[in-house]
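**Student:** First the structure, then my questions, so here it is.
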Amino acid sequence: MKTAIVTGGAGSLGKAICKKLASDGFIVYMTDISEERCLDAIKEIHLENVRAKKLDVTEEADWISVYDDVMSEEGSVDVVVNNAGVNIRFDIEECSVENWDRMFQINVRSIFLSIKHALPIMKAQGGGSIINISSVCGLVGHRYTNESYTATKGAVTLLTKSVAARYGKFNIRCNSVHPSTVKTELVNNFLSDPERMKERVEEVPLGHLATPADVAAAVSFLASDEAAFINGVQLPVDGGTSCD
Ligand SMILES: NC(=O)c1ccc[n+]([C@@H]2O[C@H](COP(=O)([O-])OP(=O)(O)OC[C@H]3O[C@@H](n4cnc5c(N)ncnc54)[C@H](O)[C@@H]3O)[C@@H](O)[C@H]2O)c1
């Protein structure tokens, strides 16, 4: 069986991605800031073939340890989904240097560390698929989103393309997924003001928000052999939001 590691796996999108990859037949390593958080998520959505691991994506030692564990338990790392991410919501004029740096640590340094340690494994095993969760904000400047988030997601987009261009020769594919606002509990809370929710819905040509399952379906495709010749693509899951 093929293995997949998902970061931020206990979060709203992470759970849907883990569920979909498990149903696709992967042995899934759900990772997050604590093992308990993952175990609770696995129980909540009744997942089988999903294992829990603590992985703070900003810590290089955690990455090394998780890759070592997966290699000794399963013998391969076929797919890595870099999904963990945060938005510390400050407009640029109010954003402290500490918050700016924290955003880059969690959203970008994480993916640098992930890829740095995945590449030797994937080269040795003859290939692999790396999927980075960016955002519609990694494609365009977004009027409702702060600059630190947009800058980190833009960095993810070009980090993805660089790896795709330079490591494709090892049969390593690297692609990014770009959701618009996804209907999660987090967003329901954040957009509890009906006016703000209306703005977010109205910006989507399809007229409604994405669901976690929409995002998971895109990840599932990029992880699959059906996408064997897809490398370096930025796949929007945004109902057309980034088109104008
Ligand atoms: N929800 C949306 O509308 C939306 C839209 C576009 C892109 N995204 C992106 O999708 C990804 C998932 O977002 P979500 O909505 O599921 O958020 P979420 O807050 O529900 O989940 C994020 C997960 O990341 C984990 N996490 C945070 N810091 C971590 C760290 N240092 N190490 C390991 N894990 C850590 C959290 O514990 C949480 O489980 C993020 O990268 C986000 O930027 C989300």
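The values are calculated or read from the model by the stated rules, or taken from the named source; none is laboratory data. Just so it is clear, the structure is predicted and the values come from calculations on it, not from any experiment. Using ideal geometry, Cβ is built from the backbone for each residue, glycine included, and neighbour counts are taken over all protein chains shown.
**Student:** Scan segment 15-60 for residues that are part of a helix (DSSP H, G or I), in contact with a strand residue (DSSP E or B) (Cβ under 6 Å, 6 or more places away or on another chain) and either of a type in the set (Lys, Arg) or more than 20 Å from residue 213 (Cα to Cα) (or both) and jot them down.
**Tutor:** 35, 39
**Student:** Follow-up. Could you figure out which of (1) surrounded by fewer than 17 Cβ atoms within 10 Å (Cβ to Cβ); (2) of a type in the set (Ser, Thr, Tyr); (3) closer than 22 Å to residue 81 by Cβ isn't true of residue 192?
**Tutor:** Failing condition for residue 192: (3).
**Student:** Polar (S, T, N, Q), within 15 Å of the ligand (Cβ to nearest atom) and within 17 Å of residue 235 (Cβ to Cβ): which single residue out of 157, 152 fits that description?
**Tutor:** The conditions single out 157.
**Student:** Tally up the residues in segment 1-17 that are away from the ligand (no atom under 11 Å from the Cβ), over 20 Å from residue 109 (Cβ atoms) and at pLDDT 95 or above, please. Before the answer, list the steps.
**Tutor:** Of all residues in segment 1-17, those away from the ligand (no atom under 11 Å from the Cβ) come to 1-5.
So of that shortlist, the ones also over 20 Å from residue 109 (Cβ atoms) come out as 1-4.
Remaining after also requiring at pLDDT 95 or above: 2-4.
Looking only at that region, the number is 3.
**Student:** Do we have residue 231 as touching a residue at least 24 places away in the same chain (Cβ under 8 Å) and assigned to a loop (DSSP other than H, G, I, E, B) here?
**Tutor:** Against the criterion (touching a residue at least 24 places away in the same chain (Cβ under 8 Å) and assigned to a loop (DSSP other than H, G, I, E, B)), residue 231 qualifies.
**Student:** Which residue, of 57, 66, 70, is within 19 Å of residue 120 (Cα to Cα), touching a residue at least 60 places away in the same chain (Cβ under 8 Å) and within 15 Å of the ligand (Cβ to nearest atom)?
**Tutor:** Of the residues listed, the single one that is within 19 Å of residue 120 (Cα to Cα), touching a residue at least 60 places away in the same chain (Cβ under 8 Å) and within 15 Å of the ligand (Cβ to nearest atom) is 66.
**Student:** Further, regarding this structure: Could you tell me which residue of segment 206-218 is farthest from the chain's Cα centre (by Cα), considering only residues that are near the ligand (Cβ under 8 Å from one of its atoms) and part of a helix (DSSP H, G or I)?
**Tutor:** Of everything passing the filter in segment 206-218, 212 is farthest from the chain's Cα centre (by Cα).
**Student:** While we're looking at this one, here's another question. Go through segment 77-92 and give me each residue that's within 11 Å of the ligand (Cβ to nearest atom), under 16 Å from residue 175 (Cα atoms) and of a type in the set (A, V, I, L, M, F, W, C).
**Tutor:** Of everything in segment 77-92, those that are within 11 Å of the ligand (Cβ to nearest atom), under 16 Å from residue 175 (Cα atoms) and of a type in the set (A, V, I, L, M, F, W, C) turn out to be 81, 84.
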